[in-house]
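The values are calculated or read from the model by the stated rules, or taken from the named source; none is laboratory data. Computed from a prediction, not measured in an experiment: that's the story for all the values here. For neighbour counting, all protein chains shown are included, and Cβ atoms are generated from backbone atoms with ideal geometry for every residue, glycine included. Calculation scope for accessible area: heavy atoms of the full protein, side chains included, ligands and nucleic acids excluded. Shrake-Rupley method; radii C 1.70, N 1.55, O 1.52, S 1.80 Å.
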Amino acid sequence: MPLSPLFKDRLHLLFDETKGERERALAFEAPLSEYVSPPIDTKDVSIAGPLGPIKARLYRPAGNLDSLPGLVWFHGGGFMFGDIDMNEADIVARELAHRATMAVLTVDYALCGPTQFFPAPHNDGIASLRWFAANAGELRVDPEHIFVGGISAGGALAASVAIHDHDSGDNILAGQLLNCPDLHNALPPFSDELAAKKAEEPQAVFFSHEIVGEHHKRHIKPGDEIADWWYAGDAKSKANLAPAQIINCEYDGLRASGEEYGRQLAAEGTEVEVLTQAGVPHAHINRYPADCAEMVETLNNMVRWMKSH
C-alpha cells in the first residue's frame, strides 16, 4: 500500500536542518485536530524502583469499579527521551482503557543518558510490572489478565520484561503487545519486500542498519557486556514466554526486527501473532485517532487480541 498522505506530506519536516532532532519530530507529529478523550479516570502514582521513585499513571474507564484486565504500557523514544505525556502513552492508554474496558498503567521508566545506561530501563520495567501485580486487588485489576506492552523502545522494553517474567518464575503475564519494536542489538537483514519499500520511500524508512547500530551503542556503558535479554531477540531462550502480538509498520526499518522476532518465537513454540500495519512509517500510533485511521485499526487489533487472551 502507498504511504499514507498524513505521513508522506510531512516527511520533509523530519529533515529540516534548521531544527533540532526532537523539534523536527514534534513538527512531524503535530496534530490536525483537537483530541477528545473518552470518559476515563486517571490517577498519578509513584512506584518504588531500584533507582528511586518511578512516576506512573493509571487509567480506568470512568466510574468503573469492577476488577478489570490490566496493561502495563511503555512509551518509546529510543531509551533516550519520551515520557508518559506523549500521545503514544497518554492517548494510547485512554483509548485502550476505553475500547478494551481495562486498567492501563503508563510508566516513566529511567532513560539512558550521559551517566545512565542499560539495564536502568529494564529494572524500572520489571519493578513496575511487579508493583502492578502485587497491588492488583487495590487497583481493581484481574491478576489472571495482566499484559505488558509498548511502542518502539517501549516495545523492546516490554519484550525484555516478558522474558524476565518467565525466567524469574514470576509468570505474571497473560500476554505481551509489541508495537514496531526494536528487539535485536544488530538489526536483522531487510526482506526483499522491505528493501523495496525503502527504495520507494527512503525518507520514510529512515532506520538503517548503521543508524540503529550507532544508536544502540549509546545504551551501553563503555566496557560493559550486554546481557542477552536486554534485547529480547538476542535472548538465549524464547520458549514458553507469554503469548505475543507484534504489530509492525509497513514503512519501517525496525520491521525487520519485529518480523524476525515473530519467527524466533514461533520456532521456539511461543504463541505469536505478527501483523503489518499498512501505509504507515514507524510509530504511527503517536497521533490522534481522529487524524489517523491506521492508528484506529492498530488499536482495535490490540483490543481484539487482548480480549482473546
Checklist entry - In the list Asp142, Asp182, which residue meets the criterion of being outside any helix (DSSP H, G or I), open to solvent by 10 Å² or more (accessible area, probe 1.4 Å), touching a Leu at 6+ places or on another chain (Cβ under 7 Å) and within 20 Å of Pro281 (Cα to Cα)? => result Asp182
Checklist entry - Quick one: would you say Ala158 is in contact (Cβ under 8 Å) with a residue 24 or more places away in the chain, small (Gly, Ala, Ser) and part of a helix (DSSP H, G or I)? => result yes
Next on the checklist: Going by what's in this entry, would Ala266 be described as open to solvent by 30 Å² or more (accessible area, probe 1.4 Å), modelled with pLDDT of 95 or more, over 20 Å from Arg99 (Cα atoms) and among the small types (Gly, Ala, Ser)?
Outcome noted: yes
Next on the checklist: Please go through the range 78-129 and give me each residue that is surrounded by fewer than 19 Cβ atoms within 10 Å (Cβ to Cβ), more than 17 Å from the chain's Cα centre (by Cα), touching a residue at least 24 places away in the same chain (Cβ under 8 Å) and not in a strand (DSSP E or B), ordered by number.
Outcome noted: Thr101, Phe117
Checklist entry - How many residues are within 18 Å of Ile54 (Cβ to Cβ) and in a helix (DSSP H, G or I) if we restrict to the range 145-155? => result 2
Next on the checklist: Anything in the range 1-45 that is touching a helix residue (DSSP H, G or I) at 6+ places or on another chain (Cβ under 6 Å) and in a helix (DSSP H, G or I)? List them, or say none.
Outcome noted: Leu13, Leu14, Arg24, Ala27, Phe28
Next on the checklist: Taking the criterion of being within 28 Å of Lys8 (Cβ to Cβ), within 14 Å of the chain's Cα centre (by Cα) and not in a loop (DSSP other than H, G, I, E, B), would at least one residue in the range 256-276 satisfy it?
Outcome noted: yes
Checklist entry - Got at least one residue in the range 297-305 being within 16 Å of the chain's Cα centre (by Cα), open to solvent by less than 10 Å² (accessible area, probe 1.4 Å) and of a type in the set (Ser, Thr, Tyr)? => result yes
Checklist entry - Which residues, counting only those in the range 63-77, are farther than 27 Å from Glu23 by Cβ, in contact with a strand residue (DSSP E or B) (Cβ under 7 Å, 6 or more places away or on another chain) and open to solvent by less than 50 Å² (accessible area, probe 1.4 Å)? => result Leu68, Pro69, Gly70, Leu71, Val72
Next on the checklist: Test of understanding: among Gly154, Gly137, Gly113, which residue is in contact with a Phe, Trp or Tyr (Cβ under 8 Å, 6 or more places away or on another chain) and small (Gly, Ala, Ser)?
Outcome noted: Gly154
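Report, by residue number, each residue of the range 240-249 that is surrounded by fewer than 24 Cβ atoms within 10 Å (Cβ to Cβ) and touching a Leu at 6+ places or on another chain (Cβ under 8 Å).
Step one: filter the range 240-249 for residues surrounded by fewer than 24 Cβ atoms within 10 Å (Cβ to Cβ), giving 240, 242-243.
Selection gives Ala242 alone.
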Checklist entry - Quick one: which of His216, His166 is out of contact with any strand residue (DSSP E or B) (no Cβ under 7 Å at 6 or more places or on another chain), closer than 30 Å to Pro114 by Cβ and open to solvent by less than 70 Å² (accessible area, probe 1.4 Å)? => result His216
Checklist entry - Hey, any hits in the range 219-238 for a residue that's buried (at least 17 other Cβ atoms within 10 Å of the Cβ), touching a strand residue (DSSP E or B) at 6+ places or on another chain (Cβ under 6 Å) and outside any helix (DSSP H, G or I)? => result no
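Suppose we filter the range 1-56 for residues that are of a type in the set (Lys, Arg), in contact (Cβ under 8 Å) with a residue 24 or more places away in the chain and either under 17 Å from Leu105 (Cα atoms) or surrounded by 13 or more Cβ atoms within 10 Å (Cβ to Cβ) (or both); how many remain? Spell out how you get there, then give the answer.
The first filter runs over the range 1-56 and keeps only residues of a type in the set (Lys, Arg), leaving 8, 10, 19, 22, 24, 43, 55.
From what is left, the residues that are in contact (Cβ under 8 Å) with a residue 24 or more places away in the chain are 8, 22, 55.
Going one step further and asking which of them are either under 17 Å from Leu105 (Cα atoms) or surrounded by 13 or more Cβ atoms within 10 Å (Cβ to Cβ) (or both), we end up with 8, 55.
Looking only at that region, the number is 2.
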Checklist outcome for this item: Checked pairs for the range 246-270, first free of Cβ contacts under 8 Å to residues at least 24 places away in the same chain, second open to solvent by 10 Å² or more (accessible area, probe 1.4 Å), C-beta under 6 Å and 6 or more apart or across chains, list as Gly262/Val272; Gly262/Val274; Ala266/Val272
